[in-house]
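Below is one structure, written out as structure tokens, with a few remarks after it.
The values are calculated or read from the model by the stated rules, or taken from the named source; none is laboratory data. Every value quoted in this text rests on a predicted model; they were computed, and no experiment measured them. A quick note on method: Cβ atoms are made from the backbone with ideal geometry, for glycine too, and the neighbour counts reach across all protein chains shown. Heads up: the accessible areas ignore ligands, DNA and RNA and are worked out on the full protein's heavy atoms, side chains in. Shrake-Rupley method; radii C 1.70, N 1.55, O 1.52, S 1.80 Å.
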Amino acid sequence: MLSDAIRAFRETFSPPFRRVMLISVGLTILVLVIFGAGLQWALAALPAFGPDFAGGWVDAILEFVARFLAVIVLVPLVHPVVSLVAGLFLENIAARVEAEDYPADPPGADQPFWQSMLTAIRFTLVLIVVNLLALPFYLLPGVNLVLFWVVNGYLLGREFFELVALRHLPPVEAQAMRKRHGFRVFIAGVIVALFTTVPILNLFAPLFGTALMVHTYKSLVARRSA
């Protein structure tokens, strides 16, 4: 597993992936800037009590609390936004890893574009909902990181593994394989979740996760064939 993670990390920043990486990161930053600007606009639109009400300190407190909550909400949304944007390119990444590292194996079949988009949107909504539900627990020191790794490790492991497996297997078989190797897939997902907690690197997490899951899938197939 560690060797697969190191291999995937190297490939994430290798020349064949740089174009996809730059496009993905650029679009992600653009979406986050637009979203942040929308939050700022919403905060500016909040009604004010005015300086005559309690000396204006109520407005100051409400503004501080609103901006604090906006940041707290925005942080868990960074990864879902990254996943949504990168989801449009993950089939290409999986195909490249398979072609370069497993040229003797039968190539996987890309999902149709609209199906890939719907999958990315569905996964993004799940990430947003689950992380917002877990948000109160993320504020607890000592619990927040572990909970984040466990929750997102499961979600990321499940999504990225099935994305790769569906290139080679029907949906029912892909899900059955994931459940059969649930612990291995979960640990791989936790590694991706760890990746997402590192600033800057978290922008590349979907690319890293896809490459890692290709190696994980191929290792499981090789073990079954041995």
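Quick look at the values:
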{"item": "Per-region count, the range 118-139, residues within 17 Å of T210 (Cβ to Cβ) and open to solvent by less than 50 Å² (accessible area, probe 1.4 Å)", "result": "5"}
{"item": "Qualifying positions in the range 96-107 - open to solvent by 30 Å² or more (accessible area, probe 1.4 Å) and in contact (Cβ under 8 Å) with a residue 40 or more places away in the chain", "result": "R96, E100, D101, Y102, D105, P106"}
{"item": "Residue list for the range 162-184, filter: under 18 Å from L118 (Cβ atoms) and touching a residue at least 12 places away in the same chain (Cβ under 8 Å)", "result": "E162, L163, V164, A165, L166, R167, A174, Q175"}
{"item": "R224 vs. criteria open to solvent by 20 Å² or more (accessible area, probe 1.4 Å), in a helix (DSSP H, G or I), under 30 Å from R18 (Cβ atoms) and among the charged types (D, E, K, R)", "result": "no"}
{"item": "Verdict on M177 being more than 23 Å from L32 (Cα to Cα), of a type outside the set (K, R) and within 15 Å of the chain's Cα centre (by Cα)", "result": "no"}
{"item": "In the range 1-41, residue surrounded by the fewest Cβ atoms within 10 Å (Cβ to Cβ) [restricted to those that are within 30 Å of G182 (Cα to Cα), of a type in the set (G, A, S) and within 17 Å of the chain's Cα centre (by Cα)]", "result": "A5"}
{"item": "Residue check, L155 touching a helix residue (DSSP H, G or I) at 6+ places or on another chain (Cβ under 8 Å) and free of Cβ contacts under 8 Å to residues at least 12 places away in the same chain", "result": "no"}
{"item": "Matching entry among G36, G55, G108, G50 (being part of a loop (DSSP other than H, G, I, E, B), out of contact with any strand residue (DSSP E or B) (no Cβ under 9 Å at 6 or more places or on another chain) and modelled with pLDDT under 70)", "result": "G50"}
{"item": "Unique match (being modelled with pLDDT under 85, closer than 29 Å to M21 by Cβ and not in a helix (DSSP H, G or I)) among V198, V129", "result": "V198"}
